[in-house]
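Right, one structure below, let's go through it.
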Amino acid sequence: MSTMTASRVQGGIFTLMVVRIGDVHDPAFGRDLEEQVARSPGFFAGAPVVIDLRDCVDCTSVADFTALKQVLRRHGMVLVGVQNANPVQLRAASAVDLAAFNGGQANGNRRAAPERPVSDSAASAASASRTRLISQPVRSGTQIYARGGDLVVTASVSAGAEIIADGYIHVYGALRGRAIAGAAGDMSARIFAQRFEAELVSIAGRYLVNDAIAPEHLNQAAQVALIDDRLVILPGWGRG
Amino acid sequence: MAKVIVVTSGKGGVGKTTTSAAFAAGLALRGHKTVVIDFDVGLRNLDLVMGCERRVVFDFINVINGDANLNQALIRDKRIDNLYIFPTSQTRDKEALKRDGVDRVMAELKKDFDYIICDSPAGIEHGALTALYHADAAVIVTNPEVSSVRDSDRIIGILASKSRRAEKREKPVEEHLLLTRYSPDRVQKGEMLSVEDVKEILSVPLLGIIPESETVLKASNTGMPVILDPGSPAGRAYEDAVARFVGEQREMRFQLPERRGFLRGWFGRAAS
């Protein structure tokens, strides 16, 4: 079992614990849970909890979820929702009033605020925020520049495509092309990608090509920041 | 209302002309009046694949220039009712595809035909841009290898920005991915990208998988669209793809290695 804190920003900030569960029918399950709780009982008292069902296939019925709720309750936790549930699990979970949360990252890192609803217009520049939202895949050979603001892409950026922003870049999909943030020189700009496979990343003129990126940072969520004049790749949404 | 379909890929040699011929034949066999146009000016191939190379008098460029009318240039297929071939010129180059001339020809064809299939040349230059300009739907022909996938990605981007529908801000061109020359054996060995890999990269709905097959080469050499060969796996796969294109549900075949003989079949299944 691993724990994970995820924060959602929506008029307020609240922290949820995520309990990743395996086989719920395994007697070891309750024991493991008990051990974890025993280590820091105060931490878990009354805590709202989301269960991550990524590794759990046998928890499929309303009865399973009711039992799970009771087990967690016994250890002082309040089950509020599920994550990474398959459709069958989702149906059973919603029957016992559990909310469905968007899937987080496998490595137990933090996750940023939820994605914004996808806008229909592919190239609309939000006049108020100067943030540009792209909801279509950015194809090879395409170049997109968010002048004077951030760029949010709610799809994948293909190899051979180039996305540029004077501010931050967020890609809620695979980033396979080039991403250039802080194009006007903003050294605090960052690049976030849900799946980081970039050909090249650059912030305020400093750049890294794919070849120079450690393989362990690739093919997973990552952010790129300029720290002490060096480009640093941070796995997931971790604090940097 | 006529529907214009461009068969395109960016990369050359992936099977655009074979696909254009198969699609045109498949749609005509289903009773739709269909014409297939060769946009590959200077590298005329469609007439060969359709087996009508010895009947070409006037071509697409003649009609664009007003030297001949449509009826003089269209070649009626001898095997399939409702199927017409519109060959191109071998002696001219792509610059002969003048915008207003092509517009006029397309408008005229739209009055007469249910489907107009545009066999695009490779590349992303004038020839390919002209071929895709009028498209209502695109069949993006892709081989399971990285360079082909990247070129397809590029052409999908161009469809979304340079087609008539994009210019006029109409409903975007319908996109269909057709994976050709697919060899499940080689996918298993890791020598080719899998269907899932390609779908993930391109994020375009999959219309069909055409297995790598010797019958394709034989068919194009003898001038017979492969879809007319019921003994050919590729022909059957094209038939499925055409059926899906017109809205039928068909199981996606040819994703797994072919079973050769009884024993191999059992081993194959046990392994999968």
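Bear in mind these aren't lab numbers, they're just calculated from the coordinates by the rules spelled out. The shown structure was predicted, so the numbers you read here are calculated from the model rather than taken from an experiment. Cβ sites come from the backbone with ideal geometry, for glycine too, and all protein chains shown count toward neighbours.
How many Cβ atoms of partner chains, on average, are near each residue of A:133-140 if near means within 10 Å of its Cβ?
5
Less than 9 Å Cβ to Cβ from B:SER9, Lys/Arg counted +1 and Asp/Glu -1: what total charge do the surrounding residues give? Each step should come with its number before you reach the end.
Numbers: positive: B:LYS11, B:LYS16; negative: B:ASP151.
Neighbour charge sum, excluding B:SER9 itself: +1.
Using the Karplus curve 6.51 cos²θ - 1.76 cosθ + 1.60 with θ = phi - 60°, work out ³J(HN,Hα) for each residue of the stretch B:18-29 in order, rounded to whole Hz, and write x for Gly and Pro.
Ordered by residue, 3J(HN,Hα) equals 4, 5, 4, 5, 5, 5, 4, 5, x, 5, 5, 4 Hz.
For the protein assembly as shown, with equal point scatterers placed on the C-alpha atoms only and solvent neglected, what are the log10 I(q)/I(0) values from the Debye formula at q = 0.07, 0.12 1/Å, to two decimals?
Evaluating at q = 0.07, 0.12 Å⁻¹ gives log10 I(q)/I(0) of -0.52, -1.13.
So who's got an amide H within less than 5 Å of the one on B:CYS118, skipping anything under 5 residues away but keeping other chains? H placed 1.01 Å off N, in plane.
B:ILE5, B:VAL6, B:VAL7, B:ILE37
When the expected Rg is taken as 2.2 N^0.38 Å, what fraction or multiple of it is the alpha-carbon Rg of the stretch B:127-171?
1.19
Quick one: grab the alpha carbon gyration tensor of the stretch A:122-235, order the square roots of its eigenvalues as a ≥ b ≥ c, and give me rounded if a/c is under 1.5, else prolate or oblate depending on whether a/b is larger than b/c.
It comes out oblate by the Cα gyration axes.
Using only C-alpha positions, report the orientation-averaged shadow area of the convex hull of the stretch A:12-101, nm², one decimal.
Taking a quarter of the hull surface, the average projection is 5.6 nm².
Can you tell me which aspartates and glutamates have their Cα less than 15 Å from the Cα of B:LYS199? Leave out same-chain residues fewer than eight positions away.
B:GLU145, B:ASP151, B:ASP153, B:GLU175
Non-local amide H neighbours of B:GLY12 (under 5 Å, H modeled in plane, Pro and chain starts lacking H): which ones?
Residues meeting the criterion, in which the H sits 1.01 Å from N, are B:GLY123.
From the helices alone, meaning DSSP H stretches of at least four residues, give me the mean residue ellipticity at 222 nm for the protein assembly as shown, per-run term -39500 (n - 2.57), in deg cm²/dmol to the nearest 500.
-8500 deg cm²/dmol
In whole Hz and in residue order, list the ³J(HN,Hα) couplings for the stretch B:36-42 that follow from phi through the Karplus curve 6.51 cos²θ - 1.76 cosθ + 1.60, θ = phi - 60°; x for Gly and Pro.
So the Karplus estimates, Gly and Pro as x, are 10, 10, 8, 8, 8, 4, x Hz.
Strictly over 26 Å apart at the Cα level, which of B:LYS111/B:LYS162; B:LYS33/B:LYS171; B:LYS11/B:LYS110; B:LYS78/B:LYS98 would you flag in this model?
Result: B:LYS11/B:LYS110; B:LYS78/B:LYS98 exceed 26 Å.
So what's the net charge close to B:ASN69: Lys and Arg +1, Asp and Glu -1, counting the other residues with Cβ under 13 Å from its Cβ?
-3
What ranking of A:MET17, B:MET252, A:MET77 emerges when the number of other C-beta atoms within 10 Å of each C-beta is taken as an exposure proxy, fewest first?
B:MET252, A:MET17, A:MET77
With θ set to phi - 60°, apply the Karplus curve 6.51 cos²θ - 1.76 cosθ + 1.60 along the stretch B:101-111 and write out the HN-Hα couplings as whole Hz, x wherever there is a Gly or Pro.
Using θ = phi - 60°, the values come out as x, 5, 4, 5, 4, 5, 4, 5, 4, 4, 5 Hz.
Per residue of B:197-203, what is the mean number of Cβ atoms on other protein chains within 10 angstrom of that residue's Cβ? List each step's numbers first, then the result.
Details: counts 0, 0, 0, 2, 7, 5, 8.
Mean shielding count: 3.
Can you give me the C-alpha center-to-center distance between the stretch B:202-262 and the stretch B:173-198, rounded to a whole angstrom?
Using only Cα atoms to place each centre, the spacing works out to 13 Å.
Only four residue types carry charge here, +1 at the Cβ of Lys and Arg and -1 at the Cβ of Asp and Glu. Report the dipole size of the stretch A:12-101 about the Cα centre in Debye, rounded to the nearest 20.
Working: 8 positive and 10 negative charges, 54 e Å.
Taking the Cα centre of the stretch A:12-101 as origin, the dipole is about 260 debye.
Please give the average number of partner chain Cβ atoms lying within 10 Å of the Cβ of each residue in B:140-150, rounded to a whole number. Working shown, then result.
Numbers: counts 0, 0, 0, 0, 0, 0, 1, 0, 0, 3, 7.
The shielding value for this peptide is 1.
For q values of 0.08 Å⁻¹, compute log₁₀ I(q)/I(0) with the Debye formula on a Cα-only model of chain B, without solvent.
Debye intensities relative to I(0), on a log10 scale: -0.31.
Using amide H atoms built 1.01 Å from N in the peptide plane, name the residues 5+ places from A:ILE164, or on other chains, whose amide H lies under 5 Å from its own.
A:ILE144, A:TYR145, A:ALA146, A:ILE180
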